[in-house]
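Structure, as structure tokens:
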Amino acid sequence: MKWIRERLPAWPGIFPVYSALVFWAYGWYMLMFMFKLPSWMLEVTFGEIVAYFSYGLILVFWDTVQMLAILVGLSFVLPRSWLNDDFSVSGTALAGLLFFWIMFAQFAFVGLVNLPPSQQIAVLVVALLGFILAVLLVRRFPAFRKLAVWFGSSAGIFAYLYGFLTALGVVVVLIRNLS
Amino acid sequence: MKPRLSFTRRDFLKLLALLPVAAMAKMAGRALPASAGDSHGAIVIVLDALSALNMSLYGYPRNTTPNIERFAKRSTVYHAHYSTANFTSSGTASLLTGTYPWTHRAFHYEGLVAEEKVDFNLFRYWGESSHRLGYTQNTWADLLLYQFSPWLDEHIDLRAFNIEKSPFYTDLFHADPIAAHKSVDSVALELEPGVSATPALALLRKALLHRGKQAADRKYAAEYPNGIPQTLNDVNTYFLLEDVFDGVKKLTASLPPSALAYLHLFPPHYPFAPRREFVDAFEDGWQPPVKPAAYFESPVSEEREAAVRSSLGQYDSYIATVDEDFGNLFGFMEREGILDHNYVILTSDHGEVYERGVRGHTNQYLYEPLIRVPLIISSPGQTSRVDVRTPTSSVDLAPTLLALTGRPVPTECEGVLLPGLGGEEDAQRSIFAIDTKSSHVRAPIRNATISLRRGAYKLIGYLGYEGMEDGYELFDLQNDPGEMVNLAASRPEIFSDLQKEMGDKLCEVNA
């Protein structure tokens, strides 16, 4: 337990990273929801649309938890100095990168899984190099570091806002499934 | 003492009253049920996206449906049967409600029957004293079954006979499956192929499903060299066709008397997964005639038409695969005596097109391949084939089944009794189909493609499309079954007559 506690980034370090993830993931969900909204408006009532939105919010919350788990997991397996010691800044930089890499991977999923193994490895290496580059940028260049810190703290408002909306969504989904 | 033969004037009049029934029975061969108000059941088998024009039963030059032809030998075969729409939600809702899309309003992708119309459905009309079962592999049709679930005694899970049974929206949110599907499955996990609102979850799901599908493809590669059947998209649920048909056999065998079973199978819908013996069965060099470009398409180049047609052979191969399994099911139902106690109906919710620069059925067209679907009805104990060539509609099925089994036909039904099964042949009857995916369900229909078939002629209207003037295509299906020549300009009288009827109908439904 002690080892786990030592390796686990501190909460003040996790929050900006989670906020950054919330910004990207919920922002993308809102965009997709708006894309679907006009067709739903042709078809279902406002109440139903609120229900659909609520289901989505819960899934996005789960999405952000999954991605945070990946970043926290990385800080566990990598040497402390690589990620753990500077989790709030490096993690914030990695959050966006991870989100877009996952978006790309699922978008191009069929193409990726049909690539020869050597090319699949090449794609993974490119992704890994991107992650390393992001960490190096925020470590070595104060401007990037400042940007990451600013982004992590500014995105906090989204964590609270979407957290509140998700809690309401949970209530809506519970009512619909338990009533 | 020899009994005295008494034959009163009253008896004579009773016999006289039976004369029209006898005449109808003669007209319909042996298709007419033994008695009205019987206790026979009905088994409706829907093969998704099966175009009648690709079936050898209806004269297609490739031998795609020899087993369905065997079934037809003891059935009533409808040669000009039309779906009311060109995709699942609309077509299925019409089958199950006996109403046109402008009435049931399920005219969007994943569409639902309007709340105030949900009560109008075949399961409810069938009555709670008989068993009512619904099963489909198509999630959009499953949404409709969920809508009708208050009147279903058994709603079989859409994955019941699939190999892949991973957690799905129905497991997580079984009390609220429609909303869960609309948001979880179609938006969060897959809004469009490759686009998801929750990418991490979508990636995880895809990876798990892909792993399972690949293992299954490898395992059954000898039987299915192109991969095993699956529902839409590359990493959705997958199954063996024979497992699904075995499941259907069990369901049909377990039905109590006078039950209603609605069994909606996904094949031969894209993606095509023919079995080995059919993969190259139609690499015969045959090419269908080149047709003019579809209404909204630019002139079709040879390369584009070749690309569109490249899928036709695989579609035909998949139909032949499904036909083989249907043949097994037919043999089973014959052996088990299921055909002796049930009306068995084979039909489809919509068709499919591979011509005019258009592929599949996700479009706004209503050409014959997209809406002409099979309808074959085997009546209990029927032994000979009856052919009906006058146009009929999928809205006719529900009222016909109700009437055949002695149930009252509700006034809400817009269909009529099918000829040969209680109805009269009416060559001049008007049959409609509509595609209006961008209309509001609670507002008048403003933009739509509407087809009107009356007699030998078919008018297709493209009405209210943004930035375009209304346009029409008129075809003489008797002399031009391939819809090659637009007669809208050269037959002004027929054109204006049909155009007026179409306009009047639109006004009527929008009133």
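Please calculate how many Å² of accessible area the protein assembly as shown carries per residue, with a 1.4 Å probe and no DNA, RNA or ligand atoms counted. Walk me through the numbers on the way to the answer.
Details: 29780 Å² over 690 residues.
The answer is 43 Å² per residue.
Per-residue 3J(HN,Hα) values for the stretch B:294-303, derived from phi via the Karplus relation 6.51 cos²θ - 1.76 cosθ + 1.60 with θ = phi - 60°, read 5, 3, 8, 8, 6, x, 8, 6, 4, 5 Hz in sequence order (x marks Gly and Pro).
Cross-link partners of A:Lys2 among lysines, defined as those whose alpha carbon lies under 28 angstrom from its own and excluding same-chain residues fewer than eight positions apart, are absent. Distance between the modelled labels on B:Leu208 and B:Glu242, one decimal in nanometres: 2.9 nm (7 Å Cα→Cβ projection).
Ignoring ligands, DNA and RNA, what percent of the accessible area of the stretch A:2-178 is carbon or sulfur (1.4 Å)? Kindly include the intermediate steps, with their values, before the conclusion.
Numbers: 7560 of 9440 Å².
Summing carbon and sulfur atoms, their accessible area is 80 percent of the total for the stretch A:2-178.
The value obtained for the protein assembly as shown, namely the Cα convex hull volume divided by the number of residues, is 213 Å³ per residue. Extension gain for the segment A:Ile132 to A:Leu97, taken as residue separation times 0.36 nm less the Cα-Cα distance, is 11.5 nm to one decimal. Along the stretch A:3-8 the Karplus relation, 6.51 cos²θ - 1.76 cosθ + 1.60 evaluated at θ = phi - 60°, assigns HN-Hα couplings of 4, 4, 4, 5, 7, 6 Hz to successive residues, with x for each Gly and Pro.
Just tell me how shielded B:173-185 is by partners: mean number of partner chain Cβ atoms within 10 Å of each residue's Cβ, no decimals. Display every interim value, and only then the final one.
Values: counts 4, 1, 4, 8, 0, 4, 13, 6, 2, 10, 15, 5, 1.
Taking the mean over all residues of the peptide, I get 6.
Measuring heavy-atom accessible area with a 1.4 angstrom probe and counting protein chains only, the residues of the stretch A:19-39 that give up at least 10 Å² relative to the chain alone are A:Trp28, A:Tyr29, A:Met32, A:Phe35, A:Lys36. Taking amide H positions as placed in the peptide plane 1.01 Å from N, state which residues far from B:Thr84 in sequence (5 or more) or on other chains have amide H under 5 Å from it. Under 5 Å from the amide H of B:Thr84: B:Ser394.
What FRET efficiency do you get for B:Tyr109 and A:Phe46 if R0 is 25 Å and r is their Cβ-Cβ distance, rounded to the nearest 0.05?
On the way: r = 20 Å, r/R0 = 0.82.
Approximately 0.75, to the nearest 0.05.
On the accessible surface of the stretch B:347-431, probed at 1.4 Å, how many percent belong to carbon and sulfur atoms? Spell out each step's value before the answer.
Numbers: 1100 of 2330 Å².
After summing per-atom areas, the C and S share lands at 47 percent.
Taking a straight Cα-Cα cut-off under 26 Å and skipping sequence neighbours fewer than 8 places away in the same chain, the lysines within cross-link reach of B:Lys213 are B:Lys165, B:Lys182, B:Lys249, B:Lys250.
Cβ-Cβ distance of B:Met484 and B:Ala175, R₀ of 56 Å, FRET efficiency by 1/(1 + (r/R0)^6): the value works out to about 0.60. Using θ = phi - 60° in the Karplus curve 6.51 cos²θ - 1.76 cosθ + 1.60, the 3J(HN,Hα) couplings for the stretch B:374-391 round to x, 9, 10, 10, 9, 8, x, x, 5, 10, 10, 8, 10, 10, 10, 10, 6, x Hz; x is entered for Gly and Pro. When B and A come together, around 3200 square angstrom of accessible surface is lost from both chains combined, probe 1.4 Å.
Counting other Cβ atoms within 10 Å, keep those with at most 13, restrict to DSSP loop, and tell me which chymotrypsin sites (Phe, Trp or Tyr not before Pro) in the stretch B:267-348 are left.
For chymotrypsin sites (Phe, Trp or Tyr not before Pro) across the stretch B:267-348 that sit outside H, G, I, E and B with at most 13 neighbouring Cβ atoms in 10 Å, the list reads B:Trp286.
Residues whose amide H lies under 5 Å from that of B:Ser130, counting only those 5 or more places away or on a different chain, are absent; hydrogens are built 1.01 Å from N in the peptide plane. Modelled spin labels at A:Met34 and A:Leu174, positioned 7 Å past Cα toward Cβ, are 3.1 nm from each other. Annotation: amide H of B:Val386 within the under-5 Å range of B:Ser75, B:Thr76, B:Val77, sequence separation 5 or more or interchain, hydrogens built in the peptide plane.
Of the peptides A:55-61, A:22-28, B:355-361, B:498-504, the ranking by mean beta-carbon count within 10 Å, highest at the top, reads A:55-61, A:22-28, B:355-361, B:498-504.
Backbone N atoms of the stretch B:109-132 closer than 20 Å to the 7 Å Cα→Cβ label point of B:Ala443 belong to residues B:109-116.
Would you mind putting A:72-84, A:94-106, B:147-159 in packing order, based on average other-beta-carbon counts within 10 Å, highest first?
Going by the mean number of other Cβ atoms within 10 Å, highest first, we get A:94-106, B:147-159, A:72-84.
Find the relative contact order for the stretch B:393-511 and round it to a whole percent, using C-alpha pairs within less than 8 Å whose residues are 6+ positions apart.
Values: 173 pairs, mean separation 17.8, N = 119.
Contact order relative to length: 15 percent.
What FRET efficiency comes out for the pair B:Cys507/B:Asp119, r = Cβ-Cβ distance, R0 = 22 Å, nearest 0.05? About 0.25, to the nearest 0.05. Peptide A:40-46 has a mean of 6 when you count, residue by residue, the C-beta atoms of other protein chains within 10 Å of its C-beta.
Based on DSSP H segments of at least four residues, each scored -39500 (n - 2.57), chain B has a per-residue ellipticity at 222 nm of -9500 deg cm²/dmol.
The values are calculated or read from the model by the stated rules, or taken from the named source; none is laboratory data. What you see is a predicted model, and the numbers here were worked out from it, not measured in a lab. Here the Cβ is made from the backbone with ideal geometry for all residues, glycine too, and neighbour counts use every protein chain on show. Calculation scope for accessible area: heavy atoms of the full protein, side chains included, ligands and nucleic acids excluded. Shrake-Rupley method; radii C 1.70, N 1.55, O 1.52, S 1.80 Å.
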